[in-house]
1. Taking K and R as +1 and D and E as -1, what net charge do the other residues with C-beta under 10 Å from the C-beta of residue 74 add up to?
2. With each label point set 7 Å from Cα along the Cα-Cβ vector, what nm distance links residue 45 and residue 282?
3. Helix 278-293 against the longest principal axis of the chain: what's the angle in degrees, Cα atoms only, rounded to the nearest 10?
4. Based solely on its DSSP helices, what 222 nm [θ] is calculated for the chain when runs of n ≥ 4 H residues each add -39,500 (n - 2.57) and the sum is averaged over all residues, nearest 500 deg cm²/dmol?
5. Of the cross-linked pairs 125/304; 64/113; 160/282; 64/282, which ones have a Cα-Cα span greater than 32 Å in the structure shown?
6. Once both axes come from the Cα atoms, what is the angle between helix 208-225 and the longest principal axis of the chain, in degrees from 0 to 90, rounded to 10?
7. Would you mind telling me which residue in 143, 249, 128 has the biggest mean-square fluctuation in a Gaussian network model of the chain, where springs connect alpha carbons within a distance under 10 angstrom?
8. What FRET efficiency do you get for residue 155 and residue 82 if R0 is 41 Å and r is their Cβ-Cβ distance, rounded to the nearest 0.05?
Amino acid sequence: MVADIEMQNNKIGSAIQYFREIHHISQGKLCQGLCSVATLSRIEAGERDVDSFLLETLLERLGKTPNHFELILTDFDYISFQNREEIKKQIDNNNIQAAYNRLHKYEKIAGSKGTVHKQFILTSKAYLNELQGGSVEETINLLMDAISSTVPDFKTNKIKDYYLSNTEMNLIIDIIKRMISADMIGTAKSILMQVIEYLDFHHLAEDSYMIYPKVAIIASRLFMQSYELNKALEMCEKGIDKNKGNRKLDYLGELSFIKAQIMEALLKAQNKWVPGHKDCLKQYLKAYYVLEFCEEYTISDEIKKHLQEDYQWEGID
């Protein structure tokens with residue numbers, strides 16, 4: 001058993017070193033906020049028995065999406081993984097007390113095991129605060145503490161200097177969304193610009209096509225609110241372009257809808273819009289059919305109503 005673990009550690013450590021070196025990433029850059037350079041050196045050499053959650057985050061920072069079960073080597077790994085999955089399940093199902101019970105158990109076994117575990121605990125507390133009707137400010141503070149666990153410079157406009165995992169990126173996106181809902185528009189936009197700069201600068205993530213469209217939706221809507229319509233259109237089109245790598249239709253319907261709204265707003269600003277404008281109608285219909293196919297009926301019904309009232313379009317059943 002010990003020999004098997006050592007062999008698996010060697011394989012994972014070698015993979016981390018290989019991908020790090022072909023992308024010309026220093027050890028210090030990769031492990032920043034996660035562990036020491038000395039620890040990473042021992043991981044790459046296969047000399048350190050490290051928990052799977054840290055390995056998972058290191059691989060994600062290298063743009064690789066690991067199989068959780070391939071990284072589980074010890075009883076601690078298995079128990080921790082089971083607890084994390086159960087906590088997420090209970091939160092998704094709005095079972096607040098059950099989630100708190102599991103989280104308390106997880107905190108006892110993993111709370112002192114490293115920054116990735118601390119981040120998961122704080123993130124879970126943030127979502128539970130939200131479910132309980134706690135203030136959005138408290139949720140934001142908990143999420144900020146969570147991201148700062150592994151990205152200590154997050155508040156100082158330096159995230160481009162990091163190599164972030166998808167978990168870290170999605171956490172930042174959640175912070176931006178909640179800042180917008182709390183009317184913290186200036187701060188949200190500042191962080192959003194950091195994220196866009198980061199995504200434009202880094203091209204490692206295998207599934208970055210899942211991250212960029214989400215960011216594009218938020219950014220294009222924010223730019224629309226401030227009447228920066230050309231910026232909104234540019235961001236929307238980048239999101240659609242990035243979404244081409246996704247074999248699913250996730251985000252395409254909403255991005256197409258936003259693009260149609262921006263096109264219409266630009267034409268109206270130039271006094272060129274007329275009811276039934278061909279290009280706008282085509283874009284709205286593209287969005288409508290994608291959203292209908294994806295069963296996103298709330299937005300598709302909004303489009304249908306708009307086309308019938310403002311475009312006198314009766315072609316939608």
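No lab work stands behind these numbers, since they all come straight from the coordinates. Values in this document were obtained by computation on a predicted structure and should not be read as measured data. FYI the Cβ positions are ideal-geometry reconstructions off the backbone, even for glycines, and counts take in every protein chain you see.
1. Charge balance near residue 74 sits at -4.
2. Calculated label separation equals 6.3 nm.
3. Value to nearest ten degrees: 50.
4. Here the helix-only value at 222 nm equals -23000 deg cm²/dmol.
5. Beyond 32 Å between Cα atoms: 125/304; 160/282; 64/282.
6. Long axis of 208-225 versus the principal axis of the chain: about 40 degrees.
7. Among 143, 249, 128, the largest mean-square fluctuation in the Gaussian network model of the chain belongs to 249.
8. Details: r = 34 Å, r/R0 = 0.82.
Using R0 = 41 Å, I get an efficiency of 0.75.
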